[in-house]
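Scroll down for the structure; my scribbles are underneath it.
What follows draws every value from the coordinates through simple rules; no lab data is involved. None of these values were measured; they are calculated from a predicted model. When we count neighbours, we look across all protein chains shown, and the Cβ atoms used for this are built from the backbone with ideal geometry, even at glycine.
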Amino acid sequence: MDQADSSGMLEHLDKNFFSLDMEFVMKMEILKNENVKRTYEMQVVKKDEKMRLDILRPSIERDRRVLNDGDNMWMYLPRSSKLIKIPYKQAFLGGDASNRDILRISLVEDYEVIGDVENVDGELLLKLKAKDLKTAYNQVNFYLDKKTKYPIKQEMLSLSGKVIKTIEYVEYIEFDQGYFPSRVTILDQLRKDSKTIFTYTDLSKGTDKTDAFFTTASLSK
Amino acid sequence: MSAQAKFSYRIINENVFAYNVISENSLVNPDNLLQLNELEIVNRFFPVGTFKKNKIRLQAEPKIFLNPLDETLEFAINELYLQYGISDKLYVTFGKKRINWGTANVWNPSNPFLQKDPFRIDNRLEGIVLTDLEYIGANFTLNAIFSPAERLNRSTFAFKVSSEIKSLSYSFSYAFLGDEKQQFGMDFSLGADNLTFYGEGVFRNFSNSRLIDSEGLPEIIGIQNGFKDMNAEFVVGTMLNVLPRTILITEYRYRSDFNTSESIENFKSFLPASLASYDPISMGQHSFFGQISYMDAYSKYNLSTNIFYDLTTNQLLCSPGLVYNGDDFKLEINPFIYDNSLSIYDFQGRVIFSFFL
């Protein structure tokens with residue numbers, strides 16, 4: 001495949017998986033040695049370049065809200081009614097994913113393809129390079145199903161080329177005349193005993209939330 | 001389109017246990033003049049209820065607590081307000097509500113209504129009675145708040161406009177606080193990958209200080225009419241993500257109308273008569289706060305060290321802390337170590353056990 005194909009594949013991934021306007025419930029389980037140490041459940045709404053998460057569970061974190069308004073990431077703390085700006089590279093709720101991993105809206109915004117799509121062990125390998133240093137990882141390798149072009153695995157590499165995180169797309173469910181990942185695992189390669197599992201339910205395409213819903217002022221509403 | 005009515009509630013129970021080592025050499029509290037106890041126990045309940053239907057939100061947060069002095073059950077209202085969304089951009093709120101203006105973590109000079117408890121930022125403060133009109137525009141947010149008093153000229157009117165340019169968010173505010181008291185404020189927050197730089201400041205035509213003059217009397221600082229004679233207070237700070245789970249927070253506060261090294265001597269000379277001017281953390285013009293905190297990979301343990309230092313009065317307070325977060329409970333352990341002749345305590349130990357149902 002040539003460069004044009006690989007660019008088209010990035011756009012396909014972005015359009016169908018990452019930058020889709022949608023609503024869903026996301027369960028996040030943080031595990032150590034296969035034992036669940038912490039579980040969060042949150043309502044997620046994505047629209048254009050914006051994304052908002054409202055934590056539903058556990059009780060101690062209920063009503064905490066996280067917003068990517070396109071330029072910044074914010075966290076609203078309901079107990080103190082305080083709004084704080086959160087750094088991109090901070091661990092999201094302590095898990096293996098960074099804030100940027102969870103609140104990323106667009107692949108195309110952050111990455112560009114390098115080289116052609118390669119065939120590796122019956123899977124397609126799409127290599128992406130960060131457009132700037134603001135992005136959490138210097139390089140991302142996507143392994144895609146040869147037939148469906150759905151992602152199977154994603155490797156995140158540091159500046160030195162070392163794999164620091166792996167995302168595995170474990171299960172898919174039917175969604176909007178196609179399929180969408182319903183279970184995703186993030187493995188921190190630096191902490192082998194730890195992983196974070198995301199389960200997506202109640203998926204719906206599009207959202208009727210207005211732009212005002214994605215403003216810092218609306219987080220306390 | 002009619003939405004389904006939604007009622008949610010949560011009950012929060014806080015149990016505070018404090019152990020105090022009262023300083024024997026304190027200038028402020030010689031021979032335990034204030035009759036402070038070594039042990040203090042406070043129990044607080046916050047049953048929080050929220051009702052939402054269509055564009056209406058009704059929220060109530062009473063506070064029920066056992067008065068530690070006479071052991072009677074007391075009742076207060078922290079929040080009780082009705083919010084109505086006139087449209088998705090325009091909201092009006094009536095009732096008693098917490099207002100949280102400003103970007104700083106420990107000190108919030110630009111908030112004309114409430115000041116945080118620096119000992120416990122997460123505290124549930126008592127709101128103020130107000131009417132708040134809020135417009136959320138595409139590029140800015142506008143708040144207009146009226147907080148009534150017994151007479152109109154003692155009531156508070158406050159306005160704030162907030163906006164953002166890329167990673168810089170900022171706001172400007174004005175407050176008329178009754179009796180000709182006025183405050184002009186601004187705040188900002190600049191975000192980067194691993195760093196947030198923030199600040200807020202005000203110019204006031206009045207003073208919140210209670211300085212002691214050379215005669216031992218509280219100085220009367222009148223309302224200033226000229227802009228150049230106004231009192232300034234500002235805070236600048238950074239929140240640095242040292243490692244993914246380790247955060248360093250530093251804050252500096254300047255208050256033009258507070259104690260200099262000369263005026264603090266007046267305060268000391270006329271103790272205990274000047275006790276009303278006492279602040280256990282910082283009484284001078286220059287205050288520093290530093291915190292380094294580490295959270296484990298499961299957001300369960302949070303270890304931190306907090307330091308307050310006043311350059312003018314040499315007040316130093318060090319408070320390491322451990323917080324354990326369960327799914328529906330929280331345990332906070334905080335020792336407070338003081339080092340100054342103005343301190344009331346040499347040491348305080350505090351344990352807070354909270355349930356969230």
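Key figures for this structure:
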{"quantity": "Chain A - mean residue ellipticity at 222 nm from DSSP helices (-39,500 (n - 2.57) per run, n ≥ 4, rounded to 500)", "calculated": "-2000 deg cm²/dmol"}
{"quantity": "Degrees between helix A:3-13 axis and first principal axis of chain A (Cα, 0 to 90, nearest 10)", "calculated": "30 degrees"}
{"quantity": "Proximal lysines relative to A:LYS147, as straight alpha-carbon distance under 16 Å, when same-chain residues fewer than 8 apart are discounted", "calculated": "none"}
{"quantity": "Dipole-positive endmost among B:LEU248, A:LEU144, B:GLY49 within the protein assembly as shown (Cβ charges, Cα centre)", "calculated": "A:LEU144"}
{"quantity": "Those aspartates and glutamates that a straight Cα-Cα span of less than 12 Å connects to A:LYS85, excepting residues fewer than 8 apart in one chain", "calculated": "A:ASP69, A:ASP71, B:ASP193"}
{"quantity": "For chain B: relative contact order, % (alpha-carbon pairs under 8 angstrom, 6 or more apart)", "calculated": "14 percent"}
{"quantity": "Ranked list, fewest to most other Cβ atoms within 10 Å of each Cβ, for B:ASP257, A:ASP5", "calculated": "A:ASP5, B:ASP257"}
{"quantity": "Net charge of neighbours whose Cβ lies under 13 Å from the Cβ of B:LEU80, counting Lys and Arg as +1 and Asp and Glu as -1", "calculated": "+2"}
{"quantity": "Dipole moment magnitude, nearest 20 debye, the protein assembly as shown about Cα centre, only Lys, Arg, Asp, Glu C-beta charged", "calculated": "1180 debye"}
{"quantity": "Label point at B:SER256 placed 7 Å out along Cα→Cβ; residues across the stretch B:282-296 whose backbone nitrogen lies under 16 Å", "calculated": "B:285-286"}
{"quantity": "The stretch B:101-217 - charge dipole about Cα centre, Lys and Arg +1 at Cβ, Asp and Glu -1, debye rounded to 20", "calculated": "80 debye"}
{"quantity": "Summed residue charge, Cβ within 12 Å of B:GLU262's Cβ, Lys/Arg positive, Asp/Glu negative", "calculated": "-1"}
{"quantity": "Pairs beyond 25 Å (Cα-Cα), from A:LYS89/A:LYS165; A:LYS47/A:LYS127; A:LYS205/B:LYS300; A:LYS89/B:LYS97; A:LYS131/A:LYS221", "calculated": "A:LYS47/A:LYS127; A:LYS205/B:LYS300; A:LYS89/B:LYS97; A:LYS131/A:LYS221"}
{"quantity": "Residue exposure sequence - B:PHE65, B:PHE308, B:PHE258 - by fewest surrounding Cβ within 10 Å", "calculated": "B:PHE65, B:PHE308, B:PHE258"}
{"quantity": "Environment charge of B:GLY201, counting only residues whose C-beta is closer than 15 Å and scoring Lys/Arg +1, Asp/Glu -1", "calculated": "-1"}
{"quantity": "Among B:ARG154, B:ARG120, B:ARG57: highest mean-square fluctuation, GNM of chain B, C-alpha pairs under 10 Å", "calculated": "B:ARG120"}
{"quantity": "Estimated [θ] at 222 nm from DSSP helical runs (n ≥ 4, -39500 (n - 2.57)) normalised by residues in chain B, nearest 500", "calculated": "-500 deg cm²/dmol"}
{"quantity": "Ranked A:ASP110, B:ASP117, criterion: other C-beta atoms within 10 Å, fewest first", "calculated": "B:ASP117, A:ASP110"}
{"quantity": "GNM flexibility winner over chain B from B:ARG204, B:ARG253, B:ARG151 (Cα, springs under 10 Å)", "calculated": "B:ARG151"}
{"quantity": "Eligible aspartates and glutamates near B:LYS52 by straight Cα distance, threshold 17 Å, same-chain separation 8 or greater", "calculated": "A:ASP54, A:ASP63, B:GLU61, B:GLU79, B:ASP88"}
{"quantity": "Only Lys, Arg (+1) and Asp, Glu (-1) charged, at Cβ; the stretch B:195-302 dipole about Cα centre in debye", "calculated": "440 debye"}
